[in-house]
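**Student:** Handing you this structure, nothing more for now.
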Amino acid sequence: MALFSYVSLCMVLLSSFFFFTCFSSKPNNHHANDSFSISFPLTSLPLSTNTKLSTLSSSSSLNLKSSFKYSMVLVVTLPVGTPPQLQQMVLDTGSQLSWIQCHDKKTTKKQPPTTSSFDPSMSSSFYVLPCNHPLCKPRVPDFTLPTDCDANRLCHYSYFYADGTLAEGNLVRETISFSPSQTTPPIILGCATQSNDAKGILGMNLGRLSFSSQAKINKFSYCTPLKQTQPAPSSFFLGNNPDSSRFHYVNLLTFSQSQRMPNLDPLAYTLPLLGISIGGKKLNIPPSVFKPDAGGSGQTMIDSGSEFTYLVDEAYNTIREELVKKVGPKIKKGYVYGGVADICFDGDAIEIGRLVGDMVFEFEKGVQIVIPKERVLAEVEGGVHCFAIGRSERLGAGNNIIGNIHQQNLWIEFDLANRRVGFGEADCSKSAK
C-alpha cells in the first residue's frame, strides 16, 4: 500500500489468531534472541464488498482516486490492549503507521467482542498522546503524517487513502500481546474513529515508527496463497521462519540522508531488479530503468499492500511490445482496466498464458521470481483477464512496484538485521503450521 492506488482482484486474506511457538525468554527484547518465532495462520476468503486498497506513502503528496472494486490483501488478527481485544490489521510493507479501528461506546459486557472495533475504555494500557508530544508536531523527520490538536488537546491525525476515503482519529500508545507472558513495549499507533474500512493497518516498512521497528522485530515473513474461490490456509511469521535455509536472498538497496531525493521512498524495501524475461526471452530493458535516477524515480519496491505490479513506461512499453508480437490479435482493443492496465483479453486465459509463457523477474546474485504461464493473467471483471502489470506513471508516480499477485506461492522474508529480502518457492496453502 505504498505510493498510490493499485489494481485489485477478488480476494481478501484473513487470519484467525494463533500462536505456533515462541522460544524467546526476553519478552520485550525480541531482536536479542535469534530463536524468536511466532506463526500466524492466514486464510484466503472471497471479498464481496468494496475495499480500500492502498495508502499514500510517507514521502508522497499524491491524493489519487481508484475505481477498482476488489482487492487481495493480507490480514492478520492481533490481540491489542490489556486485556487483549482481537483486531484485524492489513499487513502492509509499504507504510509506516499502524492503526486500529476504535469506538467510543461504553459497554457493560465483561469481555470485549473478539472481532469488533477496539474499545479504549476496556484497556488499562491505552494512552492517548497529548498535543505537546513530539510526534504531534508537523514535519517530524521520517514521519510526515498530518497531525493537529483536537478539542481535548489530544494528538489528532488524518490519513488519506488512494480511493479518496479518509481514516482519522488519535495517535495513541498501546501494547500488543504475543502470548500471555509476552507483550510488546507500548507501540505508537493510530486509533481511528472515522473510517469506512473495518480493518486497520499493520505498518511494516523501514520507518522507525513501523510495527517491526517499535516491537524490535528483526525478521518477518509471509506466504501469499494462490487466488482461489475456496478458503486456503497460509502463514505469517514474526521472527525466524523454519524454511529459511532454502530461501534465496538479495540485499536491499539503502540510501543515506544525503541521497534522499524528491521521488524516492527511503522507507520502502528497494530491490536490485536487473531485468525481466518473458517466454524465455530477456527483454531489452536497461537495468538503470529499475534503479532510482537523480530525482529518485525508477526505484523498485516490493509491497504486500499492492495487488498488481507497476512499472515505469520504458519497462511497460517494452513488455507490451513483446506481448503484441506474441498475442497481439487477442488483445482487447480500446480496453484499459483501472486507467493503468491495457494488456487485456476476452479469450481463453489458459491458452493466452501458454502463448505468452513464463515471466521472470531477475535480481542480483541470480535470484529470480518466476511467474508461471498459468498465472501471468489475472481476471479483473466480467471474464476479462489482464496481464497483471500496470503503468505506474498513469498513477502520477515514476517507480516500480512488485505487487502481491506476483508473490503468490512464495515465502517473502524481510531480514531487517541483515538488510536483505529472501524468496522461497512454496505451496502456501500447505505452509500453515
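The values are calculated or read from the model by the stated rules, or taken from the named source; none is laboratory data. Given the structure is predicted, the values throughout are model-derived calculations rather than measurements. In this analysis, Cβ positions are derived from the backbone assuming ideal geometry, glycine residues included, and neighbour counts consider all displayed protein chains. The protein model used for the area step is the full one, side chains on, heavy atoms only, and it has no ligands, DNA or RNA in it. Shrake-Rupley method; radii C 1.70, N 1.55, O 1.52, S 1.80 Å.
**Student:** Taking a ≥ b ≥ c as the square roots of the eigenvalues of the Cα gyration tensor of the stretch 278-424, is the shape rounded (a/c under 1.5), prolate (a/b larger than b/c) or oblate?
**Tutor:** prolate
**Student:** Past the 20 angstrom mark, what percentage of all C-alpha to C-alpha distances in the stretch 323-382 do you count?
**Tutor:** 32
**Student:** Residue farthest toward the positive end of the dipole of the stretch 241-319, with Cβ of Lys/Arg at +1 and Asp/Glu at -1: which of Thr300, Val250, Tyr310?
**Tutor:** The listed residue farthest towards the positive side: Val250.
**Student:** Tell me, what HN-Hα J-couplings in whole Hz come from the Karplus equation 6.51 cos²θ - 1.76 cosθ + 1.60 at θ = phi - 60° for each residue of the stretch 377-385, using x for Gly and Pro?
**Tutor:** For the stretch 377-385, the Karplus curve yields 10, 10, 6, 10, 5, x, x, 7, 10 Hz.
**Student:** On a full-extension model of 0.36 nm per residue, what is the gain between Leu355 and Lys325, subtracting their alpha-carbon distance, rounded to one decimal in nm?
**Tutor:** Full extension from Leu355 to Lys325 adds 9.8 nm.
**Student:** Separate question: Points 7 angstrom from Cα along the Cβ direction at Arg208 and Glu314: gap in nanometres?
**Tutor:** My value for the distance between the label points is 3.5 nm.
**Student:** For the stretch 301-433, report the accessible area per residue in Å² (1.4 Å probe, heavy atoms, rounded to an integer).
**Tutor:** 36
**Student:** What FRET efficiency comes out for the pair His133/Lys365, r = Cβ-Cβ distance, R0 = 60 Å, nearest 0.05?
**Tutor:** 0.90
**Student:** Now a separate question. Let me know the volume per residue of the alpha-carbon convex hull for the stretch 359-433, in Å³.
**Tutor:** About 148 Å³ per residue, rounded to a whole number.
**Student:** Find how much the distance from Lys216 to Arg260 grows on full extension, using 0.36 nm per residue of separation minus their present alpha carbon separation; answer in nm with one decimal.
**Tutor:** Computed gain between Lys216 and Arg260 is 13.3 nm.
**Student:** Could you compute how much accessible surface Arg320 exposes when probed at 1.4 Å, giving the result in Å² to the nearest 10?
**Tutor:** Counting only protein heavy atoms, the figure is 70 Å².
**Student:** Multiplying the sequence separation of Asn284 and Glu379 by 0.36 nm and subtracting their Cα-Cα distance, what value in nm do you get?
**Tutor:** Value of the extension gain: 31.4 nm.
**Student:** On to the next question. Between the stretch 356-433 and the stretch 240-267, how many Å separate their Cα centres?
**Tutor:** 16
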